[in-house]
Amino acid sequence: MVGNLGRHRWPLDDGEEVGDFYLIEVEGDLARPVLEWDKHPHCAWFGEEDLDRLLVNCAPGDTLIRDVVAAALSVHSGPTGETPG
């Protein structure tokens, strides 16, 4: 499943950043992801029950990552709430 999660904007000290977020499907051993560790030193799997963890140590109102993950879970699970496949 692939889905466009939308364009998001967030303020910076000298303006604004704009980013497009997508849900993509990958193949491989997802129990042992291979990442560019110098760019992504941490990884984790999240379900709906984990969304509040994405707000830990965030400034008030800083919900971008939580909102994008929630949108991805919504697209992935479909309108019935069941995971396709």
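Using a cut-off of under 19 Å, list every residue of the range 29-55 whose amide N is near the label point 7 Å from the Cα of Ser77 along the Cα-to-beta-carbon line.
Output list for this probe position: 44-55.
How high is the FRET efficiency from Ala31 to Asp67, r the C-beta distance, R0 22 Å, rounded to 0.05?
0.25
Can you match Rg/Rh (Cα atoms, Kirkwood Rh) to one of these, [x] 0.91; [y] 1.26; [z] 0.98, based on a calculation from the structure here?
It is the one labelled [z].
Any read-out appearing in this document is the output of simple, stated calculations on the displayed coordinates, not a laboratory observation. Quick caveat: nothing in here was measured; it's all calculated off a predicted structure. Cβ coordinates were reconstructed from backbone atoms using ideal geometry, including for glycine residues, and neighbour counts include every protein chain displayed.
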